[in-house]
Amino acid sequence: MVLAFIEHLNGAPTTLSLEVLTMAGRLSGEMAVPLEAVAIGPKGAAAAGIVTSYGVSRLHVGDDPRLADYAPAGWARAVAELTERVNPEVVIGTASDRGSEVMAHVAARMKLPLAANCTEIAPGDPFTVTRQRWGGSLLEEAHLKGRVKLLTLAPHALAAEASPSRTEVATHPFTPALDDKDFRVRLVPQVEADTGKISLAQARVVIGGGRGVGSAEGFASLEELAGLLGGAVGCSRAVTSLGWRPHSDQVGQTGMRIAPDLYIACGISGAIQHMVGCRAAKHILAINTDAAAPIVEQADYAVIGDVQKVLSSVNAQIRKLREVPVG
Amino acid sequence: MNVLVCVKRVPATAGHIALSADSQEIDTRYLGFTVSPHEECAVEEAVRLIEKHGGSSTVLTLGPEVAIDQLRDAMALGIERAILLETDGREWDPVATAAAIVEAIEAERAAGRSYDLVMFGNESADSAGYQIGVRVADALDLPCVTGIKALEIGDGEAMVRRQTEAGWETAELSLPAVLTVKEGINLPRYPSLPGRLRAKKKEIERIKPQWQDGGLEKIRLKLPVQVEHSVEILGKNGDAGAQVVELFQRLRLL
Ligand SMILES: Cc1cc2nc3c(=O)[nH]c(=O)nc-3n(C[C@H](O)[C@H](O)[C@H](O)COP(=O)(O)OP(=O)(O)OC[C@H]3O[C@@H](n4cnc5c(N)ncnc54)[C@H](O)[C@@H]3O)c2cc1C
């Protein structure tokens with residue numbers, strides 16, 4: 001059996017979890033074994049209505065009330081205990097922050113190897129995976145051993161694909177043996193939302209600034225364009241290292257991964273560690289003085305020129321467009 | 001308080017990555033070496049903790065002899081002691097790496113040095129297994145939080161914050177503990193010249209751990225397939241303004 005560890009929000013599986021279900025479904029088909037899923041927290045049972053479209057035959061729900069809120073070691077204990085009991089060939093989780101953390105705990109607890117951020121899985125002996133290194137700038141082909149193969153799936157390695165046919169899903173609640181020790185990390189339940197601004201993760205347009213913006217003040221023109229387009233401002237690591245912008249704006253290997261409709265890279269050279277953070281954008285527009293900068297050849301559109309000159313002209317034209325009375 | 005920071009020597013990759021002829025490594029002929037940005041921040045955080053609370057800091061790496069460069073870099077920033085778990089340069093997988101680190105921490109404890117905090121980067125820049133910190137915490141029976149971007153210590157407790165898609169999440173845990181750090185927790189300082197000179201003279205403690213097969217074996221590296229595509233040049237400088245606005249309209253952003 002293949003076991004998919006899914007994350008959910010009040011029973012609705014996250015996008016990455018749907019990708020995991022899709023990959024796990026393909027794998028179970030290839031291995032000719034059933035597909036089962038596990039969701040943690042009492043509300044996990046509501047996921048049955050969705051996993052039915054992904055070929056899941058059984059949904060295990062770790063329904064102890066203490067597992068309702070995120071508790072990394074407690075969640076891992078539940079997944080590990082279930083794994084020992086139902087004995088799957090493979091357990092796949094998401095490579096989200098939480099998925100990665102829980103699967104690492106599962107692996108540590110079960111004393112098994114874990115392959116993180118896999119993009120391809122070839123079952124058999126040897127069991128071969130392709131996994132991301134350097135944030136996805138490089139791939140590794142590896143052999144994974146262990147009586148149960150534990151892995152996490154890299155975000156967007158494939159697209160989630162629901163099947164038109166539905167399976168009969170049997171829901172199996174279970175109560176793992178929990179220990180106070182599993183709750184030594186106390187999460188303060190309330191999450192502070194970032195106020196007001198459109199978040200980098202959600203924005204349809206992201207205007208990214210690099211060293212070529214010239215200064216912290218130079219970002220004013222990017223902020224203005226973000227305001228005009230209803231987008232968000234991001235930046236490169238060169239910029240956060242210089243202290244021009246907070247690290248929460250950084251796009252790339254050690255920053256955010258974004259997937260807007262349009263990414264406007266202003267004065268950014270296009271280093272691979274930056275590109276892994278923005279290559280999921282539908283379109284990239286580069287603004288750079290150097291026509292030979294790597295960003296230019298990786299972009300869909302480019303303007304060769306000074307960031308400030310280009311943006312002041314663009315911003316002025318959009319303002320003018322807005323002034324013209326409609327009709 | 002006593003803090004241990006664990007770091008990994010990796011190539012300081014530049015704009016793009018090339019592979020060695022046998023596809024086993026990154027071609028490092030023209031590259032320097034460094035540690036992950038996450039680990040640079042872990043080192044900085046350890047130095048700040050000791051500056052604030054007193055105590056001592058130690059840096060540890062598992063790697064080849066030349067990894068003493070990265071240990072000295074950390075000492076140049078203010079870390080006091082350094083331990084090298086010396087390997088013959090071959091790849092150690094996460095299980096083997098964590099086991100060697102656990103053994104070293106236990107040996108330290110037996111010698112009367114115990115740590116209130118063991119810090120790691122959230123994931124190494126190169127192999128990025130996302131698990132060493134958690135495995136070490138599990139083996140030592142310590143609580144662990146990964147991916148922290150803020151840390152406060154008070155009265156045997158740690159308060160940490162991490163960034164989620166929805167905002168910021170706060171967690172509390174008692175010390176001793178294991179924490180893995182993400183870039184952004186601080187802005188690391190640059191080493192001073194006296195710092196560098198001091199670090200150069202310091203002794204490095206060495207241990208030779210036993211390699212083991214941890215169950216994840218690298219077969220080869222490969223570069224992701226690049227999709228062919230072409231770029232449309234919209235114009236130069238301010239003259240391109242109209243074309244850019246037209247593009248926004250075409251993409252239905254205006
Ligand atoms: C392990 C590791 C992780 C990393 N993680 C990240 C990460 O998460 N995110 C990230 O961004 N980087 C990351 N980096 C760093 C990355 O390698 C680059 O150093 C960084 O992205 C460069 O930032 P930049 O493009 O702003 O600066 P530069 O490379 O200096 O480029 C500046 C660009 O601006 C252009 N320019 C200059 N003046 C102007 C002007 N007036 N108008 C228009 N254009 C102008 C130049 O032609 C140049 O192309 C990482 C590196 C490593 C080793």
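The values are calculated or read from the model by the stated rules, or taken from the named source; none is laboratory data. The structure displayed is predicted, hence computed values, not measured ones. Neighbour counts run over all protein chains shown; Cβ positions are idealised from the backbone, glycine included. Note: accessible area is taken over every heavy atom of the protein model, side chains too, but ligands, DNA and RNA are not part of it. Shrake-Rupley method; radii C 1.70, N 1.55, O 1.52, S 1.80 Å.
What to note about this one:
- So A:T152, is it modelled with pLDDT under 95, in contact with a Gly (Cβ under 6 Å, 6 or more places away or on another chain) and not in a helix (DSSP H, G or I): no
- Filtered by the rule that a residue be charged (D, E, K, R) and within 7 Å of chain B (Cβ to nearest Cβ), the range A:293-326 gives A:E297, A:D300, A:D306, A:K309.
- Selection of the range A:254-274 for residues being open to solvent by less than 10 Å² (accessible area, probe 1.4 Å) and within 19 Å of B:A14 (Cβ to Cβ) yields A:A265, A:I268, A:G270.
- Flag for A:H283 being within 12 Å of the ligand (Cβ to nearest atom) and either more than 10 Å from every other protein chain (Cβ to nearest Cβ) or touching a strand residue (DSSP E or B) at 6+ places or on another chain (Cβ under 7 Å) (or both): no
- Sole residue being more than 10 Å from chain B (Cβ to nearest Cβ) and either closer than 28 Å to B:I26 by Cα or at pLDDT 95 or above (or both), chosen from A:A108, A:A115, A:A162, A:A104: A:A162
- B:I50 passes every criterion in (1) open to solvent by less than 40 Å² (accessible area, probe 1.4 Å); (2) closer than 27 Å to B:P209 by Cα; (3) away from the ligand (no atom under 16 Å from the Cβ) apart from (2).
- Among the residues making up the range B:85-142, a single one is of a type in the set (F, W, Y) and open to solvent by less than 20 Å² (accessible area, probe 1.4 Å): B:F120.
- Strands (runs of 3 or more DSSP E) contained entirely in the range B:1-101, each with at least 2 residues that are closer than 20 Å to B:Y190 by Cβ: B:2-7, B:56-63
- At least 1 residues being open to solvent by 80 Å² or more (accessible area, probe 1.4 Å), within 30 Å of B:V66 (Cα to Cα) and more than 7 Å from chain A (Cβ to nearest Cβ) is the threshold, and among the strands (runs of 3 or more DSSP E) wholly inside the range B:194-254 those reaching it are B:205-207.
- Leading residue by the ranking (nearest to A:H60 (Cα to Cα)) among those in the range A:73-115 that are touching a Leu at 6+ places or on another chain (Cβ under 7 Å) and polar (S, T, N, Q): A:T83
- In the range A:262-280, the residue that is farthest from the ligand (Cβ to nearest atom) out of those that are within 16 Å of the chain's Cα centre (by Cα) and among the aliphatic types (A, V, I, L, M) is A:A280.
- Residue within the range A:125-136 that is on the phi < 0 side of the Ramachandran plot, out of contact with any Asp or Glu (no Cβ under 8 Å at 6 or more places or on another chain), open to solvent by less than 50 Å² (accessible area, probe 1.4 Å) and part of a loop (DSSP other than H, G, I, E, B) present: no
- Listed by first and then second residue, the pairs linking a residue in the range A:61-89 that is basic (K, R) to a residue that is in a helix (DSSP H, G or I), with Cβ atoms under 6 Å apart and 6 or more places separating them unless they lie on different chains, are A:R77/A:D182.
- At least 1 residues being within 16 Å of the ligand (Cβ to nearest atom) and within 26 Å of A:R322 (Cβ to Cβ) is the threshold, and among the strands (runs of 3 or more DSSP E) wholly inside the range A:155-261 those reaching it are A:205-209, A:232-235.
- Here A:E141 clears all of (1) modelled with pLDDT under 95; (2) closer than 14 Å to A:V129 by Cβ except the condition numbered (1).
- Among the residues making up the range A:292-309, those that are more than 9 Å from the ligand (Cβ to nearest atom) and in a loop (DSSP other than H, G, I, E, B) are A:A299, A:D300.
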